[in-house]
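Scroll down for the structure; my scribbles are underneath it.
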There are 2 protein chains.
Amino acid sequence: MTIRYRPVAVAGAARAGILQTAHGSVETPTFMPVGTTATVKAMTADAVRETGAAIVLGNTYHLMLRPGADRVAALGGLHRFMDWPGTILTDSGGFQVMSLAKLRKMDADGVMFQSHLDGSTHRLTPARSIEIQHKLDATISMVLDECTPFPATEEQARLSMEMSSRWAARSREAFLDRPGYGLFGIVQGGVFPGLRAASAGALTDIGFDGYAIGGLAVGEGQAAMFGVLDATIPLLPTDRARYLMGVGTPDDIVGAVQRGVDMFDCVIPTRAGRTARAYTAEGVFNLRNARFADDAAPLDPCCRCLACNRHSRGYLHHLFRAGEMLGPMLLTWHNLTYYQDLMRGLRAAIIADRLDVHAAALRADWMGREPSGELT
Amino acid sequence: MTIRYRPVAVAGAARAGILQTAHGSVETPTFMPVGTTATVKAMTADAVRETGAAIVLGNTYHLMLRPGADRVAALGGLHRFMDWPGTILTDSGGFQVMSLAKLRKMDADGVMFQSHLDGSTHRLTPARSIEIQHKLDATISMVLDECTPFPATEEQARLSMEMSSRWAARSREAFLDRPGYGLFGIVQGGVFPGLRAASAGALTDIGFDGYAIGGLAVGEGQAAMFGVLDATIPLLPTDRARYLMGVGTPDDIVGAVQRGVDMFDCVIPTRAGRTARAYTAEGVFNLRNARFADDAAPLDPCCRCLACNRHSRGYLHHLFRAGEMLGPMLLTWHNLTYYQDLMRGLRAAIIADRLDVHAAALRADWMGREPSGELT
């Protein structure tokens with residue numbers, strides 16, 4: 001495991017850093033657009049690059065079922081397949097097995113499940129997940145874990161976390177070291193600080209290139225999530241990247257960066273882009289709203305994206321009303337640009353040692369300026 | 001009316017020329033991508049430009065209903081609305097009224113119809129169509145006509161053509177001359193050479209910036225269509241552009257260029273792009289076909305488009321199988337690039353005075369190399 005993370009500045013618990021991989025360097029904190037099936041939905045790879053993204057995420061569950069890991073490997077690996085020579089992180093498949101697959105059956109060694117696509121039966125074990133991610137040519141692989149359901153009793157959460165710890169060790173054994181490639185562990189333990197600490201201890205004993213915090217953003221609420229971060233992050237090594245999985249809204253991200261998280265992924269900006277929800281400096285609004293029909297202003301006057309530089313809100317409104325594909329294309333582009341610029345701003349604020357002021361100003365703008373804005 | 005057309009080379013009946021408008025110059029023969037609702041489906045305006053398109057088409061029927069001509073005008077006109085500073089041609093709305101609207105009722109002065117979107121009642125007359133196209137800021141407007149149904153008796157076709165001729169005169173009266181803007185007449189008359197000649201005569205007597213040939217590609221077949229072109233085009237002035245509406249396949253276009261047509265529009269490349277049908281130098285094939293799943297070759301090795309330069313057939317196959325928006329995006333990009341390169345090749349062959357050899361070679365490639373290719 002040879003992925004390097006180097007902090008370049010700290011501001012309280014927050015840090016700005018550089019993640020160096022076989023496929024380039026990534027400035028952190030960073031947001032990873034989700035490219036579930038080897039495509040960031042509604043975006044060309046060139047467009048994703050233009051937003052400023054340096055790393056994208058692929059989903060092992062989806063890719064192992066279609067087109068299949070061997071096929072991706074034969075077609076040159078995920079980087080070449082999807083035209084993304086940059087860093088790619090893949091998840092382990094475990095989360096989607098629990099949320100998408102049919103008739104899943106867990107045991108101590110892994111999980112049997114039926115594909116949601118065609119009902120075919122598959123098995124995922126720590127070693128198998130690592131093998132698939134290797135075939136996909138993921139720069140960063142994730143250990144197979146169980147995302148502890150929420151709510152769970154402390155005993156349920158403990159058993160789940162302990163199994164994830166055993167699977168983490170097996171994942172580590174199965175991972176083939178290659179220069180610039182790496183494997184991240186995933187801290188579990190639900191909302192219980194003691195379990196999170198035990199998980200962090202078990203994982204750091206094994207030793208990984210980075211540490212994810214999993215099992216959050218599953219209904220526990222922002223306060224509980226931040227509580228877990230406060231209890232967990234101080235236990236993680238400072239010379240490894242920290243990744244908060246599946247998070248989140250801009251407000252979630254700002255709070256997590258303030259608590260020391262370096263990496264994020266979430267479907268929010270892309271999914272919102274397909275449902276007319278725009279993320280802007282002034283909050284979130286829905287472009288289908290009739291008040292935008294005659295609006296000649298750009299979506300976000302401060303934004304550098306294609307949608308904001310070339311089109312009016314009235315045009316974007318029209319595209320969504322008419323059901324035109326260009327609506328999701330342009331708004332996904334905008335939302336991802338907004339997220340990337342948010343991360344760049346947070347990084348700059350950390351380096352300038354003014355993160356808290358910057359975060360307060362962001363929150364004031366989100367809440368204050370957009371009368372009908374709904375912050376989600 | 002001040003749109004200038006200048007032939008720069010002729011090869012038999014075919015010609016290469018330059019169309020000079022308020023929004024740029026267009027090298028002919030040219031293919032106009034269809035941007036029905038102020039967007040070429042699945043394409044950003046930048047992507048449309050990258051294919052080489054110099055002129056796009058908008059549909060008056062769709063735009064008058066949604067978002068509405070006044071709204072487009074208030075938002076800066078169609079060029080600004082859709083980020084297309086280049087030349088835009090709009091149709092008159094007549095064709096879509098007949099094919100899409102509900103409960104239409106023709107009379108001598110125009111047509112009443114109900115919107116297919118919300119059932120609201122609208123009226124289109126020659127003057128009203130021209131007014132709408134003016135509000136849209138169309139560089140080239142089309143006269144309101146009746147696309148004569150097929151099949152029709154000669155008497156039906158004559159009555160329809162005569163009404164279209166009267167409407168053409170009214171359209172001309174309603175059109176407001178502006179430098180670099182123009183109005184095209186539309187020759188009708190079904191498959192009857194005498195009626196086509198009468199229509200061409202009536203229109204040239206009025207005088208237009210260009211002459212379209214309408215009422216074709218409605219089921220009459222390629223031979224009948226070419227017969228109409230052979231009978232009509234010699235009757236049109238050589239110093240005006242000629243536009244064959246709604247045509248067609250690459251093979252249709254080559255034959256029509258050989259007969260002297262300068263301008264084309266058709267939904268084929270864009271619609272095919274959304275349904276996995278690829279137009280290539282080796283014919284047409286469907287990317288959903290399982291034989292492409294493991295194909296590492298580019299879609300068309302000679303093509304300069306994004307899809308062919310960055311991705312494999314296996315990737316494009318995967319995108320369509322997975323229902324990903326990027327499939328239609330990339331394949332529309334490819335198909336439009338193929339059409340634009342086809343037009344550039346035809347123009348170059350005319351200038352080099354080797355059009356017939358070039359056309360024969362194109363046809364041989366389409367038919368010969370792709371065993372399961374279906375040429376449509």
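Please give the charge dipole size of the stretch A:140-272, origin at the Cα centre, charges +1 on K and R Cβ atoms and -1 on D and E Cβ atoms. Round to the nearest 20 debye.
Working: 10 positive and 16 negative charges, 33 e Å.
In debye, rounded to 20, the stretch A:140-272 gives about 160.
Can you give the mean number of other chain Cβ atoms that lie within 10 Å of the Cβ atoms in peptide B:22-32? All intermediate terms of the calculation are to be shown ahead of the outcome.
Numbers: counts 0, 0, 0, 0, 0, 0, 0, 0, 0, 0, 0.
Average per residue, whole number: 0.
From Cα pairs below 8 angstrom and at least 6 apart in sequence, can you work out the relative contact order of the stretch B:268-316, rounded to a whole percent?
Values: 49 pairs, mean separation 13.9, N = 49.
It comes to 28 percent, rounded to a whole number.
Find the relative contact order for chain B and round it to a whole percent, using C-alpha pairs within less than 8 Å whose residues are 6+ positions apart. Numbers along the way, then the final one.
Numbers: 793 pairs, mean separation 68.5, N = 376.
Computed over chain B, the figure is 18 percent.
Quick check for you: with a 1.4 Å probe and neighbouring chains kept, what is the accessible area per residue of the protein assembly as shown, in Å²? Let's see the in-between values first.
Working: 26650 Å² over 752 residues.
Solvent-accessible surface per residue comes out at 35 Å².
Between A:V357 and B:R304, what FRET efficiency follows from the Cβ-Cβ distance if R0 is 60 Å, with the result rounded to 0.05? Before the final figure, lay out the partial values.
Numbers: r = 49 Å, r/R0 = 0.82.
The pair A:V357/B:R304 has a calculated efficiency of 0.75.
Heavy-atom accessible area of B:R271 with all protein chains present, probe 1.4 Å, nearest 10 Å²?
Roll a 1.4 Å probe over it and B:R271 shows about 140 Å².
Per 0.36 nm of contour for each residue apart, how much would the distance between B:D205 and B:R66 grow if the chain were fully extended, relative to their Cα-Cα spacing?
46.5 nm
Kindly provide the Kirkwood hydrodynamic radius of chain B in Å, to one decimal, from all pairs of distinct alpha carbon atoms. Before the final figure, lay out the partial values.
Values: mean 1/r = 0.0476 Å⁻¹.
About 21.0 Å, per the Kirkwood formula over Cα pairs.
Given the rule -39500 (n - 2.57) for each run of at least 4 DSSP H residues, summed and divided by the residues of chain B, what is its mean residue ellipticity at 222 nm, to the nearest 500 deg cm²/dmol?
Values: 15 runs with 157 residues, N = 376.
-12500 deg cm²/dmol, from helical runs alone.
Using 1/(1 + (r/R0)^6) with R0 = 25 angstrom and r between the beta carbons of A:E155 and A:D107, what's the FRET efficiency to the nearest 0.05?
Working: r = 19 Å, r/R0 = 0.76.
Efficiency computed from Cβ-Cβ geometry: 0.85.
Determine the shielding of peptide B:39-46 by partner chains: average, over its residues, the number of Cβ atoms on other chains within 10 angstrom of each Cβ. Could the numbers behind the result be given before it?
Working: counts 10, 2, 3, 5, 3, 10, 4, 3.
That works out to 5 on average.
Can you work out the base-10 log of I(q)/I(0) for the protein assembly as shown at q = 0.07 1/Å, using the Debye formula on its C-alpha atoms alone?
-0.58
When each pair of different Cα atoms in the stretch A:191-348 is counted once in the 1/r mean, what is the Kirkwood radius in angstroms, to one decimal? Walk me through the numbers before you get to the answer.
Values: mean 1/r = 0.0582 Å⁻¹.
Taking the inverse mean of 1/r over all distinct Cα pairs, the stretch A:191-348 comes out at 17.2 Å.
Calculate how many DSSP beta bridges within the protein assembly as shown are antiparallel, expressed in % of all such bridges and rounded to the nearest 5.
Numbers: 47 of 91 bridges.
Approximately 50 percent, going by the DSSP bridge assignments.
Treating the beta-carbon of each Lys and Arg as +1 and of each Asp and Glu as -1, no other charges, what is the dipole magnitude of the stretch A:220-376 about its Cα centre, to the nearest 20 debye?
Working: 17 positive and 18 negative charges, 83 e Å.
Using Cβ point charges on Lys, Arg, Asp and Glu, the stretch A:220-376 gives about 400 debye.
Go through the stretch B:313-324 residue by residue and turn each phi into a ³J(HN,Hα) via Karplus (6.51, -1.76, 1.60, θ = phi - 60°); whole Hz please, and just put x for glycine and proline.
Those phi angles translate into 4, x, 5, 4, 4, 4, 4, 5, 4, 7, x, 7 Hz.
Shielding by partners for B:319-327, please: the mean number of other protein chain Cβ atoms within 10 Å of each residue's Cβ.
Values: counts 5, 0, 4, 10, 1, 8, 9, 13, 1.
For this peptide, the per-residue mean of nearby foreign Cβ atoms is 6.
Under 26 Å between alpha carbons, and skipping anything fewer than 8 positions from B:K105 in its own chain: which lysines qualify?
Excluding near neighbours in sequence, the set is B:K135.
Check A:T28: other-chain or 5+ apart residues with amide H under 5 Å from its amide H, H built from backbone geometry?
Amide H neighbours of A:T28, under 5 Å, 5+ apart: A:G17, A:I18, A:L19.
Say the dipole of the stretch A:147-194 comes from +1 at the beta carbon of Lys and Arg and -1 at that of Asp and Glu; which of A:F175, A:C147, A:S160 then lies farthest toward its positive end?
Of the candidates, A:F175 comes out farthest on the positive side.
Would you please give the FRET efficiency between A:R123 and A:A364, computed as 1/(1 + (r/R0)^6) with r the Cβ-Cβ distance and R0 = 45 Å, to the nearest 0.05?
Values: r = 51 Å, r/R0 = 1.12.
The computed FRET efficiency comes out at 0.35.
Where both residues lie in chain A, what percent of DSSP beta bridges are antiparallel, nearest 5? Before the final figure, lay out each step's value.
Working: 23 of 45 bridges.
DSSP beta bridges in chain A are roughly 50 percent antiparallel.
Reported to two decimal places, what Rg/Rh ratio describes the stretch A:52-206 when computed on Cα atoms with Rh from the Kirkwood expression?
Looking at the stretch A:52-206, the ratio lands at 0.98.
Please report the relative contact order for the stretch B:186-336, taking Cα pairs under 8 Å with a sequence separation of at least 6, and give it as a percent rounded to a whole number. Write out the running numbers ahead of the final one.
Values: 236 pairs, mean separation 27.0, N = 151.
Reported relative contact order: 18 percent.
Please report the spacing between the Cα centers of the stretch B:164-238 and the stretch A:351-366 in Å, no decimals.
Comparing the Cα centres of the stretch B:164-238 and the stretch A:351-366, I get a distance of 65 Å.
Taking chain B as a Gaussian network, where each spring joins two C-alpha atoms under 10 Å apart, which residue of B:D295, B:D251, B:D91 fluctuates the most?
B:D295
Using only alpha-carbon positions, what ratio does the radius of gyration of the stretch A:230-270 give when scaled by 2.2 N^0.38 Å?
That works out to 1.17 for the stretch A:230-270.
Could you order A:E162, A:E146, A:E155, B:E50 by accessible surface area, starting with the largest, using a probe radius of 1.4 Å?
On the way: A:E162 65, A:E146 30, A:E155 90, B:E50 120 Å².
The residues order as B:E50, A:E155, A:E162, A:E146, largest area first.
Tell me the total accessible area that B and A bury against each other, 1.4 angstrom probe, in square angstrom rounded to 100.
Working: alone 14920 and 14930 Å², together 26650 Å².
The contact between A and B buries close to 3200 Å².
Going 7 Å from Cα along the Cα-Cβ axis for the label, what nanometre distances separate B:R288 from the same residue across the other copies?
2.6
Per chain A: cysteines with no other Cys C-beta under 4.7 angstrom?
Unpaired cysteines in chain A: A:C147, A:C266, A:C302, A:C305.
Ordered shortest first, which distances in nm separate the 7 Å Cα→C-beta label point of B:R6 from those of the other copies?
Sorted ascending, the copy-to-copy spacings read 6.1 nm.
Would you kindly derive the ³J(HN,Hα) couplings of the stretch B:134-151 from the backbone phi angles with the Karplus curve 6.51 cos²θ - 1.76 cosθ + 1.60 (θ = phi - 60°), listing them in order in whole Hz, with x for Gly and Pro?
Per residue, the Karplus-derived 3J(HN,Hα) values read 5, 4, 5, 6, 4, 5, 10, 9, 10, 5, 6, 9, 10, 6, 4, x, 10, x Hz.
Taking springs between alpha-carbon atoms closer than 10 angstrom, which of A:A197, A:A352, A:A307 fluctuates most in the Gaussian network model of chain A?
A:A352
With a 10 Å cut-off between alpha carbons and a GNM built on chain B, which of B:G24, B:G58, B:G110 moves the most?
Checking each option, the largest mean-square fluctuation is seen for B:G24.
Tally up the carbon and sulfur contribution to the accessible surface of the stretch B:1-100 as a whole percent, 1.4 Å probe, everything protein left in place. Provide the component values of the computation, followed by the final result.
Values: 1510 of 3070 Å².
It is 49 percent, rounded to a whole number.
Rounded to the nearest angstrom and ordered from largest down, what semi-axes does the equivalent ellipsoid of the stretch B:27-72 get from its C-alpha gyration tensor (root of 5λ)?
Values: eigenvalues 96, 28, 12 Å².
Taking √(5λ) for each Cα gyration eigenvalue gives 22, 12, 8 Å.
Tell me the distances, shortest first, between A:E155 and the same position across the other copies, using label points 7 Å along Cα→Cβ, in nm to one decimal.
9.3
The values are calculated or read from the model by the stated rules, or taken from the named source; none is laboratory data. The structure displayed is predicted, hence computed values, not measured ones. Note that each Cβ is placed from the backbone with ideal geometry, even for glycine, and that neighbours are counted across all protein chains shown. Protein only, heavy atoms only, side chains kept; ligands, DNA and RNA dropped before computing areas. Shrake-Rupley method; radii C 1.70, N 1.55, O 1.52, S 1.80 Å.
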